[in-house]
Each structure stands twice: as C-alpha cells, then as structure tokens.
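Below is one structure, written out as structure tokens, with a few remarks after it.
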Amino acid sequence: MSVRVRFAPSPTGYLHVGGARTALFNYLFAKKTKGAFILRIEDTDRERSTVEAEKAIMEDLRWLGLHWDEGPYRQTERVDLYRKHAEELVQRGLAYPCYCTEAEIEEMREEMLSLGIAPKYSGRCRNLSESDRKKLESEGRVAAIRFKVPEGGEISFKDIVRGELKFRFSDIGDFVIMRSDGLPTYNFAVVIDDHHMNITHVIRADEHIANTPKQLLIYQAFGWDPPQFAHVSMILGPDRSKLSKRHGAVAISQYRKDGYLPSAMDNYLLLLGWSSPDDREIFSMDEMIELFSLDRLSRNPAIFDINKLRWMNGYYMRKLPLDEVYEQAIPFFLEKGFPMNADWLKKVVAVYREHTSTLREMVEEALPLISFSLPFDSSIEEELKFDHVTQVLKAFLEVFTPYKYKEVSASLAWELLKGVVDRVGLKRGKVLFPLRIALTGRKTGPELYHFIELIGVKEALERAQRVLDYLERR
RNA sequence: GCUCCCGUCGUCUAGGGGUCUAGGACACCGCCCUUUCAAGGCGGCGGCACGGGUUCGAAUCCCGUCGGGAGCGCCA
C-alpha cells in the first residue's frame with residue numbers, strides 16, 4: 001500500500017513554526033516514498049475557526065513550498081459521516097449520550113483535582129435508563145455522545161520515534177466523541193477521517209501522545225487497522241516551555257514579512273528534530289526529500305534558535321541564484337520606494353546580500369542609495385569634524401569630475417579611489433572612511449567602489465559637493 | 001495530584017557497549033583579511049544531569065533520584 005500522510009491544522013490562527021515543521025516532515029515523507037500529502041482542515045471548533053485563518057495557513061504552506069496532493073478537506077463538510085459512525089457506536093452499546101452540562105463537569109473536575117485523583121469523567125450518564133434520558137431531555141438538555149472506555153486492561157502501540165508506548169484504560173475517562181452541537185470532537189473526527197482517507201502514517205507533535213490511546217480505542221471499536229504513528233518532539237521557546245507568542249515571532253507569515261527566505265526556513269525547520277547521516281546541514285528541497293527518513297527523527301524537544309535561523313538565512317541569501325533572491329526581495333524594495341529597475345536592483349542585491357542576514361535588512365542597508373539628506377545624525381556628523389575631510393572631498397571631486405557622465409564600473413571606481421588616497425597622502429582608512437560618511441551618511445556598508453558604481457558618479461559628485469558646501473558654510 | 005514523554009557543549013545535534021582524548025553546526029572569544037560593518041579563512045572556549053548497578057569495559061544497557069515538558073476539555 002502506498003504511503004498517505006496528512007497535515008491537519010485547525011484554522012484558528014496562523015501557521016506557526018511547530019505546525020510548519022510537522023507539515024514539512026509529512027511532506028518530505030510523502031515525497032520521499034512517492035506517496036500522497038493531504039491537507040485536511042480541522043474546523044470543528046466553530047467558535048474559533050475562521051476562513052481567513054484557513055487561507056493564511058494555505059498561503060504559508062505554499063510559500064514554504066509544501067504543496068499538497070489532495071484537499072483541502074474540511075471536517076465541517078463531513079459531519080454526516082461522523083454522525084453516522086457515532087450512531088453506530090451508540091447502537092452497538094459502545095457509546096452513550098451524556099447530559100451533563102459544562103458547569104457540572106467542571107465542578108466534578110475541580111473536586112477530583114482537589115482530592116488528588118486524576119480528573120476524568122465520572123461516568124455518571126453511562127448507565128442511564130431510557131426513562132432517565134427522557135426526563136433529562138424534557139428538561140431541555142441536549143446530549144453529547146461519550147465513548148465507553150473499557151473498565152480494565154491496557155492498550156499499547158509502537159511509535160516510530162519512541163518505541164513501545166503503553167496506557168491503562170483506568171487512566172482514561174469516557175470521552176466525548178460528538179458534542180451537543182452535533183459536531184465531532186478532535187479525537188473522533190481524526191480517526192474517522194484518517195481511516196476513510198486511508199492514511200498510513202500519522203506524523204504529528206508529541207502533545208498528541210496522550211490522545212493516541214483514545215483514538216486507538218475507536219479504531220478498535222470499528223475493527224479498523226490504525227495507521228502507524230510517529231510522534232515528533234515539540235518546539236520550545238528559550239525558557240523551555242512550548243513555543244508561543246510570548247517568545248517572539250511564531251507565525252510563519254511573520255518570518256516572511258521579516259525577510260526570511262522559504263528555503264532557509266524549510267532547511268532550519270528540518271534541523272529542528274531531524275539530522276542527516278553525515279554532518280551536512282544545508283539541503284535543497286530535493287536533497288531533503290532524497291535524504292529524509294523517519295528513523296532519524298529526534299526524541300528530544302528542540303529550542304527554537306532564531307540566531308541559527310538568521311545565520312542560515314544569510315547563508316541562503318548569498319548562495320541562492322541572484323535572480324531568485326532578487327525575486328524574493330522585490331516586495332521589500334517596493335515598500336521602501338526603490339525604483340523598479342530590475343537590472344539595477346539585481347546589482348544592488350549582488351552587493352548588499354554579501355553582508356546582511358535578511359531581505360529586510362538588505363533593503364534597509366541599501367537605503368542610502370536612494371536617499372541622502374543633510375545634516376546627518378549627530379553621531380555621524382562627528383566623523384566629519386576633522387581638518388582633512390574637506391581636503392578629501394576636494395580630492396574626490398577633482399579625480400571623479402572627468403567621469404561625471406560616464407559609466408564607472410566598480411573596478412574603475414576602485415582605481416580612481418586609490419588616486420584620491422594618493423592625492424590626499426593619508427592612510428586609506430583616513431581617506432575612505434570620511435568619504436563613505438559623506439557619500440552614504442552611514443558608517444557601515446559595502447565597499448565604497450560598489451556604492452559609487454550603484455549610484456553613479458554624477459550623484460556621488462553632487463553628494464560630495466553638498467557635504468563640502470555644508471562644511472564650509474559652518 | 002495522576003499519566004506519559006524527554007535529559008550529550010549556551011542552542012540544534014552525531015553517537016546506540018571498546019575505534020570517545022565525545023564529532024559537526026550556530027552563538028561566543030581570538031587572529032588573519034580589510035576601506036567601515038559584515039562575509040570569508042584559521043584557531044579557541046565549551047557537554048554525556050546525578051547516584052547506584054550490569055560488564056574486563058558504559059555517553060551508550062538496567063534501576064532510582066533530580067530536572068524539564070506535555071496531557072488529564074462538549075480545544076485541536
């Protein structure tokens with residue numbers, strides 16, 4: 001039987017890094033085994049599910065390059081299926097209607113907790129007679145349906161990443177499978193769907209381990225073969241608790257907005273819980289697919305390290321084909337008001353990607369190319385207070401003026417700059433640094449000759465002249 | 001409280017009885033390069049949670065302790 005896996009987010013928020021990693025693992029496994037990757041939207045929580053969230057999640061999955069082969073299936077479009085199966089269980093005596101209210105259950109829960117026993121459903125409605133039911137219904141109570149968990153015994157399964165896992169029935173209370181609003185609960189819908197969708201492997205986060213015995217019970221009740229399970233450890237924040245908003249950005253869309261590349265994101269996520277047989281860490285999507293295997297999944301939780309992501313993103317910015325980085329950078333250039341001249345912008349990318357870590361940073365660094373205004377910030381002005389600065393500017397004007405209307409390459413610009421240095425007769429740094437300040441208004445940036453090539457000699461001369469006038473007027 | 005999961009450099013990890021003086025990557029520190037910041041090159045710092053076993057031999061196997069995490073919902 002060919003592999004079929006699914007990613008099943010609930011559309012109650014944006015795709016976060018943990019979900020993205022789960023999706024990635026499923027995707028890689030599907031591609032690796034030439035199986036199918038299915039997208040299923042678990043939207044049975046009507047309160048919190050939104051179509052916006054669903055769209056956002058799909059957009060982020062596409063951005064990451066995790067394209068699904070089937071779906072999206074929505075659980076709210078399949079309620080008849082769940083209802084039918086729930087009724088079957090009731091008829092067979094494996095499930096029963098429960099009339100307890102939320103308040104009553106909460107009360108029981110508190111009480112058990114205070115008594116120091118595991119808070120699970122008491123089974124109060126388990127053995128209701130037909131007349132009891134009628135009476136409760138006449139009170140206007142609407143029933144939920146609970147699964148009847150066997151009294152004694154245990155259930156075990158073999159997890160691909162964790163090995164044999166065992167649970168006692170006595171620790172599991174009768175759990176709701178159909179809510180009083182007629183929609184299935186997670187534990188029920190997953191099983192019905194995974195079975196009907198012929199899912200062969202369930203790759204999901206660690207936090208679902210405790211749900212697995214309940215799901216197994218349902219498989220058993222229907223006489224279905226369960227899929228194989230692979231429970232991946234969770235992604236934690238720096239304080240070792242489950243990664244959440246208070247740890248900083250967790251939404252994939254936020255990383256996109258911050259100027260991260262999807263390829264870097266995928267690669268980094270892969271390393272959070274998976275390692276290659278050799279020491280390699282950088283993989284293209286094709287290589288990931290080629291190398292991925294479930295048996296190299298890590299058992300321990302991983303802390304999300306933005307630092308390494310940043311490094312990796314910078315690495316990808318430098319290694320990826322120029323055109324690809326340029327494509328990704330376009331929105332950032334637009335946002336900052338850069339002129340949309342593709343040839344020129346590609347040169348800008350070629351220069352500025354060398355020393356920045358994100359697209360946003362790269363564009364921010366390149367801002368002096370399109371904006372220049374005096375006076376500079378006071379900390380920058382400090383650098384212009386030396387006597388030799390006017391001398392430097394004059395020498396620059398003299399050397400570059402003959403090239404005012406010419407195309408000057410970076411290498412020619414470099415030759416000319418060396419001429420300026422000679423003319424001033426000071427050390428390179430003494431000459432080039434103030435010149436950098438004057439032309440860019442910043443202390444840092446790419447090599448000056450690159451900068452001059454990018455803005456053109458005419459613009460450079462104008463800037464130098466303006467700074468010179470400004471200094472002399474002072 | 002109960003159940004379950006997990007403990008190798010600060011972080012991600014390799015390792016699965018001898019080849020471990022524990023390997024790689026990020027971060028950090030230093031040096032080189034240099035026109036600034038980076039990038040790059042070279043080098044350095046740094047870890048098997050603890051205690052008992054088993055064994056000729058344990059990071060690796062077993063037990064316990066401690067620590068961290070998750071679950072215990074008519075959320076998923």
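The values are calculated or read from the model by the stated rules, or taken from the named source; none is laboratory data. Here the structure is a predicted model, which means the values were calculated and not measured. Cβ: placed from backbone, ideal geometry, glycine included. Neighbour counts: every protein chain shown. Surface accessibility is based on the protein's heavy atoms, side chains included, excluding ligands, DNA and RNA. Shrake-Rupley method; radii C 1.70, N 1.55, O 1.52, S 1.80 Å.
Determine if the stretch A:371-388 includes at least one residue that is loosely packed, with under 15 Cβ neighbours inside 10 Å, within 22 Å of A:GLU354 (Cβ to Cβ) and of a type outside the set (Phe, Trp, Tyr). Within the stretch A:371-388, one or more residues are loosely packed, with under 15 Cβ neighbours inside 10 Å, within 22 Å of A:GLU354 (Cβ to Cβ) and of a type outside the set (Phe, Trp, Tyr). Screening the candidates A:GLU361, A:GLU354 for the property of being touching a Pro at 6+ places or on another chain (Cβ under 9 Å), in contact (Cβ under 8 Å) with a residue 60 or more places away in the chain, within 16 Å of RNA strand B (Cβ to nearest atom) and in a helix (DSSP H, G or I) yields one hit, A:GLU354.
Counting just the residues of the stretch A:415-429 that are more than 9 Å from RNA strand B (Cβ to nearest atom) and either polar (S, T, N, Q) or part of a helix (DSSP H, G or I) (or both), which one comes out nearest to A:GLU382 (Cα to Cα)?
Initially, the stretch A:415-429 is screened for residues more than 9 Å from RNA strand B (Cβ to nearest atom), giving A:415-416, A:419-420, A:422-426.
Right, trim to either polar (S, T, N, Q) or part of a helix (DSSP H, G or I) (or both) and you get A:415-416, A:419-420, A:422-424.
Numbers: A:GLU415: 28, A:LEU416: 26, A:GLY419: 26, A:VAL420: 22, A:ASP422: 24, A:ARG423: 24, A:VAL424: 20 Å.
Among those that are more than 9 Å from RNA strand B (Cβ to nearest atom) and either polar (S, T, N, Q) or part of a helix (DSSP H, G or I) (or both), it is A:VAL424.
Test of understanding: among A:LEU439, A:LEU435, which residue is within 13 Å of RNA strand B (Cβ to nearest atom), aliphatic (A, V, I, L, M) and more than 12 Å from A:ALA395 (Cα to Cα)?
Values: A:LEU435 fails: more than 12 Å from A:ALA395 (Cα to Cα).
Checking each option against the conditions leaves just A:LEU439.
Restricting to the stretch A:8-43, name every residue that is under 16 Å from the mean Cα position of the chain (by Cα) and small (Gly, Ala, Ser). Across the stretch A:8-43, the qualifying residues are A:ALA8, A:SER10, A:GLY13, A:GLY18, A:GLY19, A:ALA20, A:ALA23.
Can you name the helices (runs of 4 or more DSSP H) wholly within the stretch A:147-264 that have at least 2 residues being within 12 Å of RNA strand B (Cβ to nearest atom), open to solvent by 10 Å² or more (accessible area, probe 1.4 Å) and under 20 Å from A:SER298 (Cβ atoms)?
Numbers: elements: A:186-196, A:212-222, A:252-257.
Passing ranges: none, list empty.
How many residues, within the stretch A:430-474, are assigned to a helix (DSSP H, G or I), touching a residue at least 60 places away in the same chain (Cβ under 8 Å) and of a type in the set (Lys, Arg)? Matching residues across the stretch A:430-474 total 2. Residue selection: A:GLU77 fails the criterion of being over 27 Å from A:PHE229 (Cα atoms) and exposed (fewer than 13 other Cβ atoms within 10 Å of the Cβ). Taken as a whole, the condition of being surrounded by 20 or more Cβ atoms within 10 Å (Cβ to Cβ) and in contact with a strand residue (DSSP E or B) (Cβ under 6 Å, 6 or more places away or on another chain) does not apply to A:ALA20.
Looking at A:GLU106, A:GLU87, which one is modelled with pLDDT of 95 or more and surrounded by fewer than 23 Cβ atoms within 10 Å (Cβ to Cβ)? Step through it out loud before you land on a result.
Values: A:GLU106 fails: modelled with pLDDT of 95 or more.
Only one candidate passes the filter, namely A:GLU87.
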